[in-house]
1. Would you mind computing, in nm to one decimal, how far apart the modelled labels at residue 290 and residue 73 are, each placed 7 Å from Cα along Cα→Cβ?
2. How many nm is it between the label spots at residue 133 and residue 314, if each spot is 7 Å from the Cα in line with the beta carbon?
3. Under the definition of Cα pairs under 8 Å and six or more residues apart, what whole-number percent is the relative contact order of the chain?
4. Principal axis lengths of the stretch 266-316 from Cα atoms, whole Å, largest first?
5. When all C-alpha to C-alpha distances in the stretch 185-316 are sorted into bins of 10 Å, what percent of pairs does each bin hold, rounded to whole numbers?
6. At q = 0.15, 0.18, 0.19 Å⁻¹, what base-10 log of I(q)/I(0) does the Debye formula yield for the stretch 70-211 when every alpha carbon is treated as an equal point scatterer in vacuo?
7. Among (i) 1.03; (ii) 1.10; (iii) 1.07, find the value of Rg/Rh (Cα atoms, Kirkwood Rh) that was calculated from the structure presented, and write down its label.
8. Using Cα pairs closer than 8 Å and at least 6 residues apart in sequence, work out the relative contact order for the stretch 61-128, in percent.
Amino acid sequence: MSYLRMYREDYVKENELEHLYLNHTEKFVTYMEEQGLGDRIFDIGPEQLRQSVAEYSKRGSIKTINTMNNHLNAIRNFFVYLHKKGKSDNIFNQITDYDEFKKQIAEENKLRPSKSKGYFDSDQIGELLDYFNSGTPSKYANMTMMNFYFKINLLIPAKKKVIANLKVCDFSDKFDKVEVNGIVIKLPRALSNDIKNAITKLNRAINKQELFFSLFFQSNSYAETVFNTPFYYALKETGYTLGKRKKASFPVEPIRNTGIVNMYNNGTELDVISRIAGITLLSLEKLLKDLNIAFENKWDEKINREICRVDYYQRI
């Protein structure tokens, strides 16, 4: 174990940290070890900060300015700790103009501003998946329920009412498949295993007519809106810009929108998305327009590709 990793473990033990700090300091330590600097902490400086952002931008986990800021803020908090313990200089004190420093890094890596678009960027989805997959018990209630809702709705972008009202009987006995909008969807093995383990921990008989997500709901009255509060805290833990809100609540509809946008961007035909989403083609096209997703040109490409596939194309 490198000195840097050992100090990070102490940092984690001695502080009650949000997932944002756990995740990004782990990334930074891993990258420093890859660069041979795990035991050469005093050789780490502002240039290594710049390189770390660039590396994780290449790996796809930093695509927006907001995520870059989260990465740097977590590392800064870590180095404040190291400096107090006498283990390192605070390398952020070596940066004369921090705002300009961040601006340059953002420009060098072509990072996008974070905007409210009605769906999530790939790096924010990655942050949320890291959070739900971390195995660290959440200090907030209903995160097991939110974990399953997030992943299922991301995979199967059906309406909130449909997902929230799934019953145990909609899942296969092994919880490796689920039927949504009349279509049987195979679940990833890791998610299937997590569901089985969570149900085992309930340590009670399960009625197949029970609402699936209500099994993991810790309160009195289960409804479609119960996901908004844990989702707010999941976003907060991962450093998402929430803005000013009167209460701890965030709508889950952008999860579905994200699933739809990513399916479309990956080349899935509109009729396929329409079927699994449970909406008409006309409604789907309107949704994509509302989310500022251009699809007219893609239709041209798809139509021309299909025309080229007919047997007699080369003879015309």
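The values are calculated or read from the model by the stated rules, or taken from the named source; none is laboratory data. Everything numeric here is computed off the predicted structure, so don't read it as measured data. Cβ atoms come from the backbone with ideal geometry, glycine included; neighbour counts cover every protein chain shown. When the accessible area is computed, the model is the full protein with side chains, heavy atoms only, and any ligands, DNA or RNA have been set aside. Shrake-Rupley method; radii C 1.70, N 1.55, O 1.52, S 1.80 Å.
1. Taking the simple label geometry, residue 290 and residue 73 are separated by 3.0 nm.
2. So the label points at residue 133 and residue 314 sit 4.3 nm apart.
3. Relative contact order for the chain comes out at 18 percent.
4. In descending order, the Cα extents are 41, 21, 19 Å.
5. 9, 25, 30, 22, 9, 5, 1
6. Ignoring solvent entirely, the Cα scatterers give -0.90, -1.11, -1.20.
7. Label of the calculated value: (i).
8. Worked out over the stretch 61-128, it gives 54 percent.
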